[in-house]
Amino acid sequence: MAVEQSLSRALASFQWPWQYEFPPFFTLQTNLDTRNKQMDAWCDLTLAYYRHIKAFTMDVNEAQSSPLFNNSKANRKLSVDFIRLILDTLEKRGNVEWQDTSKSRCLIMWRSPQEWGQLIYQWACDQGLGSSVCTLYEIHSGEYATEQEFYNMEPWMVKKAIVALAREGKAEYIPGTAPDDSDAGVKFFT
Amino acid sequence: MGAFFARLRGGGGGSEPPAGPSRVSEQDRAILQLKRQRDELNKYQKRINTQIEREKGVAKKLIQDGKKDRAKLLLKKKRYLEGLLDKTDTQIDNLMQMVETLEYTQIEMKVVEGLKQGNECLQEMHKIMSLEDVEKIMDETQDAIAYQQEIDELLGQNLTGEDEEAIAAELENILTADIPEVPVTAEIPEVPTHEPGALEEEETEKEKKKEQALEVA
């Protein structure tokens, strides 16, 4: 209940694109040119929506009834196949990663791991965490990160960001001891 | 195209970074372990906090319903939970103190390492600059200075009183030679006796007379 309330409050300030009120937008277009444009608009809208509500995972069946794909005012909603098509396009763009082969759940990255990594790295430098270790929990739930955009970010996204930083040589990922890797750590290098 | 590469780099699921020599030391792992325990305590505190909130809510409702005794029981439980929170805070402080100590000791180790390197370098340089060498060089320098003094003395002895006079005279010459002498026998033009214009007329007359004389001849 509380989650739904905060969601509707967050959505009150969301700027829907004009297409959202345009019924044909909810039907897959046959003309290839129009369809590409439609797909681009849907991809952008999906990412903007997820960025706005600060969410990182999508359950396709649940998403069908979310305000994103279901405009109750216009009485239009997307089919599951259409949603999958959008997500597949986003996957090609590198913004989506399927979590299962049946494509029912996926991760949505409205900011690339590299971009998140950069933000976290900047924060770590500001905190004077250079060349010291900290836990991933400290990054997404720690008391020093409450003002950060990545506060309350899902752990898998933090991990991806750190792995991206590790590729640049700015950090080293330290695997955790728990089976789900929830107690992993990171060492930053400045 | 860009998206394709972004996918190549960003994709691959939870792939681990390329293997290389780990820059994570044993101390780092120890600190991480302490921080993990702190995280656990933090999570525990969050849980206790929600529990306290719940008990508070239920107690309020019980009071409204007139079940004072049960409400009292719940408030007692709440009190107990709050005590737990305080205790956990102390534990977190303990853990963090340990982390600080470890981190500080790491810094001290780095300082010692730096001093050690400096010391080694100093010793290395001292080896190059051995005492005997320095002594020898200083002796040789002393000898050279003494030799130079001897030369100076020898040169000084050769100069007699006459030499001194000659030197003084030469110096005088050089000093006076630079001043140009005033010429004594310079010819000074005579002062004119008449007006410049009158002279010219006289001369033209003289020339006329000469011409006349030539014509006559």
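The values are calculated or read from the model by the stated rules, or taken from the named source; none is laboratory data. Everything numeric here is computed off the predicted structure, so don't read it as measured data. Counting neighbours? That spans all protein chains shown, and the Cβs are built from the backbone with ideal geometry, glycine included. Each accessible area value is taken on the protein alone, full model and side chains, heavy atoms only, with ligands, DNA and RNA left out. Shrake-Rupley method; radii C 1.70, N 1.55, O 1.52, S 1.80 Å.
Remarks
- Among the residues making up region A:94-123, those that are farther than 23 Å from A:Glu149 by Cα and within 11 Å of another protein chain (Cβ to nearest Cβ) are A:Trp98, A:Gln99.
- Tally, over region A:133-149, of residues that are buried (at least 19 other Cβ atoms within 10 Å of the Cβ) and more than 18 Å from B:Lys43 (Cβ to Cβ): 1
- Checking each residue in region A:124-143 for being within 12 Å of chain B (Cβ to nearest Cβ), of a type outside the set (Gly, Ala, Ser) and without any contact (Cβ under 8 Å) to a residue 24 or more places away in the chain picks out A:Glu138, A:His140, A:Glu143.
- Meets criteria (modelled with pLDDT of 90 or more and either within 30 Å of B:Lys35 (Cα to Cα) or touching a Leu at 6+ places or on another chain (Cβ under 9 Å) (or both)) for B:Glu55: yes
- Candidates are the residues of region B:65-92 that are part of a helix (DSSP H, G or I) and basic (Lys, Arg); the one that is surrounded by the most Cβ atoms within 10 Å (Cβ to Cβ) is B:Lys78.
- Out of A:Lys103, A:Lys37, A:Lys54, A:Lys92, sole residue that is more than 17 Å from the chain's Cα centre (by Cα) and modelled with pLDDT of 85 or more: A:Lys37
Every residue, every condition in (1) among the aromatic types (Phe, Trp, Tyr); (2) open to solvent by 80 Å² or more (accessible area, probe 1.4 Å), yes or no:
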residue: A:Phe14; (1), (2): yes, no
residue: A:Phe26; (1), (2): yes, no
residue: A:Asp33; (1), (2): no, yes
residue: A:Asn36; (1), (2): no, yes
residue: A:Ala63; (1), (2): no, no
residue: A:Lys77; (1), (2): no, yes
residue: A:Asp81; (1), (2): no, yes
residue: A:Arg84; (1), (2): no, no
residue: A:Arg93; (1), (2): no, no
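- Residue match in region A:156-176 (condition: more than 10 Å from chain B (Cβ to nearest Cβ) and free of Cβ contacts under 8 Å to residues at least 12 places away in the same chain): no
- Residue within region A:88-100 that is under 30 Å from B:Val99 (Cβ atoms) and touching a strand residue (DSSP E or B) at 6+ places or on another chain (Cβ under 7 Å) present: no
For every residue, the table says whether it meets (1) among the β-branched types (Val, Ile, Thr); (2) over 30 Å from B:Glu26 (Cβ atoms); (3) within 37 Å of the chain's Cα centre (by Cα); (4) modelled with pLDDT of 90 or more.
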site: B:Lys60; (1), (2), (3), (4): no, yes, no, yes
site: B:Arg79; (1), (2), (3), (4): no, yes, no, yes
site: B:Lys87; (1), (2), (3), (4): no, yes, no, yes
site: B:Thr90; (1), (2), (3), (4): yes, no, no, yes
site: B:Met96; (1), (2), (3), (4): no, no, yes, yes
site: B:Glu100; (1), (2), (3), (4): no, no, yes, yes
site: B:Tyr104; (1), (2), (3), (4): no, no, yes, yes
site: B:Leu115; (1), (2), (3), (4): no, no, yes, yes
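- Qualifying residue in region A:41-48 (condition: open to solvent by 70 Å² or more (accessible area, probe 1.4 Å) and over 16 Å from the mean Cα position of the chain (by Cα)): no
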